[in-house]
Each structure stands twice: as structure tokens, then as C-alpha cells.
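So the structure is just underneath, and the comments pick up after that.
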Amino acid sequence: MEHTVEEATRTNIVPVDQTAPDWRGVHHLAMVTPDMDTTVRFYVGVLGMPLVATLRAGPMRHYFFELGPGNTIAFFEVPGAETFSKLAGAPTSRAIQFDHVSFGLDDEAALIALQQRLVAAGCEVTPVVDHDILRSIYFHDPNGIALEASWWTVDGETLAFVPDDPHLFADPDPVPAVAELAEGGLRSTPVTRLR
């Protein structure tokens with residue numbers, strides 16, 4: 001039975017941050033590769049991310065590369081998996097739920113050093129893109145996954161919900177949920193189903 005968005009929405013006021021989990025960052029992003037050996041060579045050899053765990057999930061290899069303490073990007077090896085490449089943030093006519101992964105860096109010097117490392121490895125990479133509150137470079141992994149490396153030009157350690165800050169909350173026409181959060185809670189939350 002299909003549910004409409006209205007039918008599949010809880011309509012209780014949901015207070016914000018009163019029972020929120022104590023998030024510790026991204027445990028892992030699970031991606032797919034048809035070739036784990038090439039993936040290891042890129043993430044360890046080109047990007048310098050340590051390979052910190054390997055396991056089998058049924059017949060599939062599942063490898064983890066560390067982004068920061070306890071934060072990893074992981075790959076399932078699916079031989080023959082279809083991959084495709086698209087530019088980060090660019091529209092596509094393909095059905096997708098994922099656009100790109102951005103890896104965090106400390107500052108501009110680290111961003112330039114990574115850019116130079118990618119060039120030295122023969123990888124295409126963009127010039128530094130200034131997004132005002134962050135600066136980034138864009139590139140792809142051998143699986144066609146759009147990647148970004150970014151650093152906050154603002155104090156990333158103190159990011160918070162401050163909707164009247166025009167620098168960090170620059171959308172001139174925010175979605176209704178932003179106004180609801182500013183009033184202290186959400187009027188509704190979506191219900192999801194396992195498929």
C-alpha cells in the first residue's frame with residue numbers, strides 16, 4: 001500500500017535536541033566498487049587514507065579507509081557493478097540518491113597540498129572553489145564517485161543553528177522547517193518504511 005507524504009507524516013510537535021543521539025561523526029559511508037584492488041590503490045596510494053579494516057560480507061569484500069578518528073569511507077566489492085561519473089553538484093537525468101562525498105581538511109594549505117598530490121598522481125582536479133563559508137576542490141575516484149575536499153572558512157568547531165546569521169544561513173527563501181526550528185520544534189516529521 002502506498003502512502004502519500006501527508007499520510008506518512010507524524011504531526012506531533014517534535015522538540016529539537018532534547019533527546020538527540022550523541023553523534024560522533026560519520027562511522028562509515030558505504031560505497032560500491034567493481035574493483036577493490038584499484039580502489040585500495042587510489043584511497044591509500046593517492047589520497048593517503050589508511051586502510052583500517054577488511055572483512056567479508058557474504059561473498060563481498062568490505063574495506064574501510066580512515067578519514068579521521070573513527071570516521072571511515074567503506075567499499076563493498078561487487079564485480080561487474082555498473083558505475084558512472086558525474087560532476088559534484090551537477091544535475092543528471094539518471095536516478096540517484098547520492099551526489100558526492102566531501103572530505104574535511106584543516107585549512108587552505110592542506111587543500112592546496114591535496115590538490116598538488118592529486119595532480120602529481122595524474123588525477124584531474126578543479127581549481128580551488130570559494131563558497132564563502134568553505135573552500136573546496138573537486139575530483140573523482142576510479143569508480144566515478146564525485147569527491148570534494150573542503151575546509152571551513154568560518155569556525156567549523158562551533159557550527160550551530162543560528163538562522164538569523166545571514167553569513168551561514170544565506171538561503172533567501174528557506175524551507176518551512178527552518179522557521180519551525182526557529183520557533184522551537186518541528187510540526188511534523190516523515191515516517192519511513194523498510195523496502
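Just so it is clear, none of the values below were taken in a lab; they were calculated from the coordinates. Nothing here was measured: the structure is a model prediction, and the numbers come from that model. Quick reminder, even Gly has a Cβ in these numbers, built from the backbone with ideal geometry, and neighbours come from all protein chains shown.
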Practice task
Report the residues of region 75-96 in range of a label on Glu124: point 7 Å along Cα→C-beta, backbone N strictly under 20 Å from it.
Solution key: 83-94
Handout entry: Charge sum, other residues only, whose C-beta stays under 12 Å from Val101's C-beta, Lys/Arg counted +1 and Asp/Glu -1
Key = -3
Exercise for the section: Return the distance in nm (one decimal) between the two label points of a simple spin-label model at Ser85 and Glu66, each offset 7 Å from Cα along Cα→Cβ. Expected result: 3.0 nm
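Only loop residues by DSSP count here, and only those with at most 10 other Cβ atoms within 10 Å; note down the trypsin sites (Lys or Arg not before Pro) in region 36-99 that meet that.
Here the sparse-neighbourhood loop sites are Arg94.
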Completion exercise
Using the Cα gyration tensor of region 40-188, the equivalent ellipsoid's semi-axes, largest first and to the nearest Å, work out to 31, 21, 17
Practice task
Please get the size of the charge dipole for the chain, origin at its Cα centre, with Cβ charges of +1 on Lys and Arg and -1 on Asp and Glu, quoted in debye to the nearest 20.
Solution key: 960 debye
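At R0 = 30 Å, how high is the FRET efficiency between Leu168 and Thr192 if r is their beta carbon distance? Nearest 0.05 is fine.
Computed FRET efficiency for Leu168 and Thr192 comes out at 0.60.
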